[in-house]
1. So which residues in the stretch 95-133 are within 12 Å of R150 (Cα to Cα), of a type outside the set (S, T, Y) and assigned to a helix (DSSP H, G or I)?
2. Return yes or no: is S14 in a helix (DSSP H, G or I), away from ligand 2 (no atom under 16 Å from the Cβ) and open to solvent by less than 40 Å² (accessible area, probe 1.4 Å)?
3. Which condition breaks for D225 when tested against (1) away from ligand 2 (no atom under 14 Å from the Cβ); (2) part of a loop (DSSP other than H, G, I, E, B)?
4. Spot the failing condition for Q66; the list is (1) outside any helix (DSSP H, G or I); (2) buried (at least 17 other Cβ atoms within 10 Å of the Cβ), and only one is missed.
5. With the condition kept exactly as written, say whether any residue in the stretch 253-267 is open to solvent by 50 Å² or more (accessible area, probe 1.4 Å), more than 22 Å from the chain's Cα centre (by Cα) and of a type outside the set (A, V, I, L, M, F, W, C).
6. Might you let me know whether the stretch 151-163 holds any residue that is among the hydroxyl-bearing types (S, T, Y) and open to solvent by 20 Å² or more (accessible area, probe 1.4 Å)?
7. Residues of the stretch 294-318 being outside any loop (DSSP other than H, G, I, E, B) and either touching a helix residue (DSSP H, G or I) at 6+ places or on another chain (Cβ under 8 Å) or within 16 Å of ligand 2 (Cβ to nearest atom) (or both), which ones?
8. When you look at G103, is it open to solvent by less than 10 Å² (accessible area, probe 1.4 Å) and more than 22 Å from D247 (Cα to Cα), yes or no?
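The values are calculated or read from the model by the stated rules, or taken from the named source; none is laboratory data. Small disclaimer: the values here were computed from a predicted structure and weren't measured. Cβ placement follows ideal geometry from the backbone for every residue including glycine, while neighbour counts extend to all protein chains displayed. With ligands, DNA and RNA removed, areas are computed over all heavy atoms of the protein, side chains included. Shrake-Rupley method; radii C 1.70, N 1.55, O 1.52, S 1.80 Å.
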Amino acid sequence: MNILLTGGTGYIGSHTAVVLSQLGHRVVLLDNLSNSNAQVVDQLRRITGLDMPLVHGDVRDTPVVQHTLEKFDIQAVVHFAGLKAVGESVQKPVEYFSNNVQGTLSVLQAMQAHGVNTLVFSSSATVYGEPQFLPLTESHPTGATNPYGRSKLHVEEILADLARSDPKWKIACLRYFNPVGAHASGLIGENPNGIPNNLMPFIAQVAWGQRTELQVFGNDYATPDGTGVRDYIHVMDLAQGHAAAIDYLKQHPGCHPINLGTGQGYSVLEMVRAFERASGQAVPYRVTPRRPGDVAACYANPQKAHELLNWQAQLSLDDMCTSTWHFQQSLGRLESP
Ligand code: NAD
Ligand code: UDP
């Protein structure tokens, strides 16, 4: 199929581009490069041996999206483009609703105009809000606690209405848990601007010596070692999940919310120890107060993805840490004088 990846030069988009193109799909990337770099296209060429067209544009620019759908005869869209920092969303709600909600509406308008009905949307486990039970199934009540989460929830509701309005629509809302890791080549990975918000890139920078210590946000949660527990999933497994969703949608109209997680939770301290083992480096840490808005534990029941998509995560915690470390080393070498 000819598949458009909005946000395709970003972290999850670039890994998904590798998987889809290696499965024989023709992949086109559209990105405004607000949180990524056009050089990713060169890295994708090195990994796959293929040239993937990059359209430098904003998803809110409907004519650009429509022109891209026409020019490349696109049959399905994977919509990654959006802003994703929870804290920033509290400061800049308008930007978040504009990029995430208005951006999605614009993509939908372009798809409607061009008769493209297959969409995979990047949603998030954040749509579950504070867990009422664990592991989280797709029928767990939704409820967001910040503008980022609300933007994902609004989009999911819009997509459900759209699928109800017209049985031609085939939509998967993939609710990602905590994507980590990198492609085994070390050529692409997560490269956040400034101080990382997320645990894994922060740990990697401490192991590399770029930061002195990790702050562990609270050790008084009701978890086995008191630190927060999350369902970390390798980004290459996540990428495979998108390919499986596109296959599933061929025969299954409607709007399908589906968890993509491993079902296994790890604490912050377990992540620190796993990274130390994989990298052979020390990761000094200091316990600090809880981060506002954090929940004690969050992990998926991934059964629905297994049943519907015939997909389940394959890669281990060690794979997640080893590939992150490999990418951090490549990055660190590039960035040091
Ligand atoms: P990312 O920032 O690396 O990738 C997003 C890409 O979208 C970037 O390349 C950015 O330049 C682009 N973009 C942003 N706004 C755009 C716009 N208006 N028009 C065109 N391009 C635009 O983030 P990621 O981690 O790859 O996340 C991809 C998607 O997955 C996002 O929608 C995010 O909310 C969702 N998600 C991510 C996580 C995570 O932890 N990484 C978890 C759950 C959901
Ligand atoms: N965390 C931490 N120090 C950091 C970043 C994160 O202790 O510098 C903890 C955080 O409190 C949570 C876990 O690591 O328990 C995962 O946080 P992340 O921001 O990566 O993901 P999310 O909170 O969005 O699930």
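1. F97, N100, V101, A125, V127
2. Numbers: in a helix (DSSP H, G or I): yes; away from ligand 2 (no atom under 16 Å from the Cβ): yes; open to solvent by less than 40 Å² (accessible area, probe 1.4 Å): yes.
For S14, the condition - in a helix (DSSP H, G or I), away from ligand 2 (no atom under 16 Å from the Cβ) and open to solvent by less than 40 Å² (accessible area, probe 1.4 Å) - is met.
3. (1)
4. All conditions are met except number (1).
5. Here is the first cut: in the stretch 253-267, the ones open to solvent by 50 Å² or more (accessible area, probe 1.4 Å) are 253, 264, 266.
Next, from what is left, pick out any that are more than 22 Å from the chain's Cα centre (by Cα): 253.
Within this subset, residues satisfying the condition of being of a type outside the set (A, V, I, L, M, F, W, C) are 253.
Yes, there is a match, as at least one residue in the stretch 253-267 is open to solvent by 50 Å² or more (accessible area, probe 1.4 Å), more than 22 Å from the chain's Cα centre (by Cα) and of a type outside the set (A, V, I, L, M, F, W, C).
6. Looking only at the stretch 151-163, we keep the residues that are among the hydroxyl-bearing types (S, T, Y), and these are 151.
Those still in the list that are open to solvent by 20 Å² or more (accessible area, probe 1.4 Å) too: none.
Within the stretch 151-163 (the criterion being among the hydroxyl-bearing types (S, T, Y) and open to solvent by 20 Å² or more (accessible area, probe 1.4 Å)), the answer is no, since none of the residues qualifies.
7. Hits for the stretch 294-318 are A297, C298, A300, A305, L308, L309, L317, D318.
8. So G103 passes the test.
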